[in-house]
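Peer 1: Structure incoming, see below.
What follows draws every value from the coordinates through simple rules; no lab data is involved. All of these numbers come straight from a predicted model, not from anything done at the bench.
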């Protein structure tokens, strides 16, 4: 390990979706999200008691302690790389994306060309274990740019395995009419221009 950068040799071969760069492995020691909401969620996650893997338990993670970040959060149940269910979808996300995805298998939101990359990210989240951090950039139908920051924080469930993740989705750059965008995971992820993985 050099400068806090842990080996990723045990992880699957990196996969990227159409038009995406391959992920970059970064130091977990120096990892800090950009947005205030993601920073609050990460600070609370970091303050919880950790297992030997460096991951806190879902039972020790109290979402009510991060009220300012909660509207931008979703909670995933990581049943398998092809089944990650949305268990909580923040009110801010409901408003932005025009609907509540609670109870939806997020994998089904990806078109076939993007599913392999989605599977890879879930595998890394569970097997790293790792924090995933991405910047997703694209334009809406009026050619207005929108950039969102996604931060995935792994959590240990009652089984003792990493089977949950807290995700913050925060708009870090938006122009007028950006609220016209619809929630389509392929649209978001296909245009990832930066994906960082911090192995714990």
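Peer 1: Any chance you could run the full-extension gain for residue 102 through residue 116? It's 0.36 nm times the residue separation minus the Cα-Cα distance, nm to one decimal. Let's see the in-between values first.
Peer 2: Numbers: separation 14, 0.36 × 14 = 5.04 nm, distance 2.29 nm.
Going from the current span to full extension adds 2.8 nm.
Peer 1: Let me ask another. What do you get for the angle between helix 112-127 and the principal long axis of the chain? Use alpha-carbon atoms, 0 to 90 degrees, nearest ten.
Peer 2: Once rounded, one gets 30 degrees.
Peer 1: Pull out the extension gain between residue 34 and residue 159, defined as 0.36 nm times the separation in residues minus the alpha carbon to alpha carbon distance; nm, one decimal. Walk me through the intermediate numbers first.
Peer 2: Working: separation 125, 0.36 × 125 = 45.00 nm, distance 3.19 nm.
Contour length minus Cα-Cα distance gives 41.8 nm.
Peer 1: Please report the spacing between the Cα centers of region 1-55 and region 78-142 in Å, no decimals.
Peer 2: Region 1-55 and region 78-142 have Cα centres separated by 17 Å.
Peer 1: Still on this model: In degrees between 0 and 90, to the nearest 10, how far off the longest principal axis of the chain does helix 36-47 point, with axes built from Cα atoms?
Peer 2: Relative to the chain, helix 36-47 is tipped by roughly 20 degrees.
Peer 1: Right, something else. With runs of 4+ DSSP H residues as the only contributors, calculate the mean residue ellipticity of the chain at 222 nm using -39,500 (n - 2.57) per run, divided by the residue total and rounded to the nearest 500.
Peer 2: Values: 4 runs with 41 residues, N = 200.
About -6000 deg cm²/dmol.
Peer 1: Mean 1/r over all different Cα pairs, inverted: what Kirkwood radius does region 24-199 give, in Å? The partial results should precede the final answer.
Peer 2: Values: mean 1/r = 0.0614 Å⁻¹.
With all distinct Cα pairs of region 24-199 included, I get 16.3 Å.
Peer 1: Please label the shape of region 33-116 as rounded, prolate or oblate, based on the square roots a ≥ b ≥ c of the eigenvalues of the alpha-carbon gyration tensor (a/c under 1.5 means rounded; beyond that, a/b larger than b/c means prolate, else oblate). Display every interim value, and only then the final one.
Peer 2: Working: a/c = 2.01, a/b = 1.30, b/c = 1.55.
Because a/c hits 1.5 or more and a/b fails to exceed b/c, region 33-116 counts as oblate.
Peer 1: Of the candidates 135, 50, 123, which one comes out as most mobile in a Gaussian network treatment of the chain with C-alpha springs shorter than 10 Å?
Peer 2: 50
Peer 1: Could you grab the relative contact order for region 1-54? Cα pairs under 8 Å, six or more apart, rounded to a whole percent. Walk me through the numbers on the way to the answer.
Peer 2: Working: 23 pairs, mean separation 15.3, N = 54.
Computed value for region 1-54: 28 percent relative contact order.
Peer 1: Give me the percent relative contact order of the chain, please, defined on Cα pairs under 8 angstrom at least 6 residues apart. Provide the component values of the computation, followed by the final result.
Peer 2: Values: 420 pairs, mean separation 57.9, N = 200.
Relative CO of the chain lands at 29 percent.
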